[in-house]
Every structure is written in structure tokens, then in C-alpha cells.
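The values are calculated or read from the model by the stated rules, or taken from the named source; none is laboratory data. No experiment lies behind these values; they were computed from the predicted model shown. Here Cβ is always computed from backbone atoms with ideal geometry, including for glycine, and neighbour counts include all displayed protein chains. Heavy atoms of the whole protein, side chains included, go into the accessibility calculation; ligands, DNA and RNA do not. Shrake-Rupley method; radii C 1.70, N 1.55, O 1.52, S 1.80 Å.
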Amino acid sequence: MIDDHLIANSYLVVGREEFDSKRAVFPKVVLDFIRETQPKEWSKLEALHGDRTGEQVLGDLCKWMDANGSLATLRHGFKCYGRTLRVAFFKAAHELNPELEAQYAANRLGITRQLHFSSRTPDKSL
């Protein structure tokens, strides 16, 4: 099956219960990625927002995607209280910078089976 092949090639299995259909994101996956790949930015935001940091980041991410689109957000990141946060890192043109290579390697691709994507029509799924 296709999903077996993807899982064998570094895709993560993400449970459908982790999907937030109102926001159309997997909150835990997004927040864990930002926390782990951009700890300096996260700690600065956490100093401002404390326990509400995750909600603030998710809210700003969704507003940014609504205004700029998902592809632009993947390419350029989004702003949260003046900080640019990335949701993906692209492969560098060369391998001379180990930091860029590590960022690229930190990307996460996930697979979810039978995802109910709409809160308005819960019977529809992919």
C-alpha cells in the first residue's frame, strides 16, 4: 500500500483525532515542529504569552494562511508578534552550511487515513 511505503520512508503516522477541522491543521504537530526547530523564537514568544503561547501561534498561523495562502506560508513562514516562524525548511542549494542541512532534515511529513476534514459536513472525508 502507498501508506506503508510512505511510513517506511520517514513519514509520520498522525492520528485523525489530532486534526483540528476548524483550523485545518494538526496543532500538536505544528507546535512541536516550531518548538523543536526554532527554540529561540519560541522562548521569546513564551516569555510574552506564557501558557497561551501555543494558542497565539496557532491563531496567527491560521490568520496568515487565510490572508496569504498555504503555499506562501510554507515557503516564507508567518509572523507572530513580530517574529517570523517557519513551518517548513527547504533544501539548501549546497551542503556547506550544516545548520541549513539540519533544518531541512527536521521537516515532518505525515500521513493520516480517512480524515474528516470539515466541521460543517462531518460525513465527508478523504
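Remarks
- One residue from Lys63, Lys28, Lys40, Lys22 being in a helix (DSSP H, G or I), closer than 22 Å to Thr112 by Cα and open to solvent by 80 Å² or more (accessible area, probe 1.4 Å): Lys28
- Hits in region 66-97 (condition: open to solvent by less than 80 Å² (accessible area, probe 1.4 Å), aromatic (Phe, Trp, Tyr) and free of Cβ contacts under 8 Å to residues at least 24 places away in the same chain): Phe78
- The set of residues in region 104-126 that are at pLDDT 75 or above, open to solvent by 50 Å² or more (accessible area, probe 1.4 Å) and of a type in the set (Ser, Thr, Tyr) contains only Tyr104.
- Taken over region 98-109, the residue count meeting the criterion of being free of Cβ contacts under 8 Å to residues at least 40 places away in the same chain and more than 20 Å from Trp42 (Cα to Cα) is 2.
- Test: residue in region 71-86 that is at pLDDT 95 or above, within 21 Å of Ser10 (Cα to Cα) and not in a helix (DSSP H, G or I): yes
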